[in-house]
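Okay, so here's the structure we're looking at.
The values are calculated or read from the model by the stated rules, or taken from the named source; none is laboratory data. Predicted, not measured: the structure shown is a model, and the values here were computed from it. Virtual Cβ from ideal backbone geometry, glycine too; neighbours counted across all protein chains shown.
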Amino acid sequence: MVMTLAMLSKFLINLENIPYEGEDFEFKADAINENTNLKEISLKDSSNMVQFKVQPIDSFHYSVKGLINLIQPLNCSRCGEDVNKPIKITIDDFLSTQVETEGEDQGFFLIKSNDWDASEFIRELVVLDTPVQVYKYGEKCLKSCPHYNNAVEKGWLSKAEEKTNPFAELEKLKGKLQ
């Protein structure tokens, strides 16, 4: 990674020093793995990479376009096994250093100063992209997860109760009435 005039540290970028034509930034695995905001949301992997271009729109607004490639450590929602999920996020957002009038949402990420910590921005995008439920073996996990019984035996999970159809009794009554 080459430090530029706009960069105060690996992820801290001074927006005032970005030229009108914009500036490209690239963060490889070593910088991502060392950053405190990013190391807990990504595995140490040589394929981790974040690339983006910041371009001024005016004195207070900036366009950010690029790509995030990370391996995210998650747990299977069925059995709790580790799942290393590759994620790819396309960045197409805007930053604003100007406080908008109250109640208006202009679609900008509001930042408090011209010194922008890009790692917080990246973290937020990754967290928002994280799925609520992840299955190690996809839909196959819901039918027959090879690790589910092992997780129950170890006490990590409790066995799901057999769900009964709440309308089953009504069906029986309907049958008697006819």
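Tabulated data
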| quantity | calculated |
| --- | --- |
| Sole exception among (1) in contact (Cβ under 8 Å) with a residue 60 or more places away in the chain; (2) outside any strand (DSSP E or B); (3) more than 17 Å from the chain's Cα centre (by Cα) for P19, by number | (1) |
| Exclusive hit being at pLDDT below 80, in contact with a Cys (Cβ under 8 Å, 6 or more places away or on another chain) and of a type in the set (G, A, S), set A151, A160 | A151 |
| Tally, over region 123-144, of residues that are surrounded by 10 or more Cβ atoms within 10 Å (Cβ to Cβ), part of a helix (DSSP H, G or I) and under 17 Å from the mean Cα position of the chain (by Cα) | 6 |
| Subset of region 36-62 (residues that are of a type in the set (S, T, N, Q) and within 19 Å of L128 (Cα to Cα)) | T36, N37, S42, N48, Q51 |
| Cβ pairs under 7 Å, 6+ apart, first in region 31-45 and over 16 Å from V127 (Cα atoms), second of a type in the set (A, V, I, L, M, F, W, C) and at pLDDT 80 or above | D45/A29; D45/I71 |
| Positions within region 97-137 being aromatic (F, W, Y) and modelled with pLDDT under 85, in sequence order | F108, F109, Y135, Y137 |
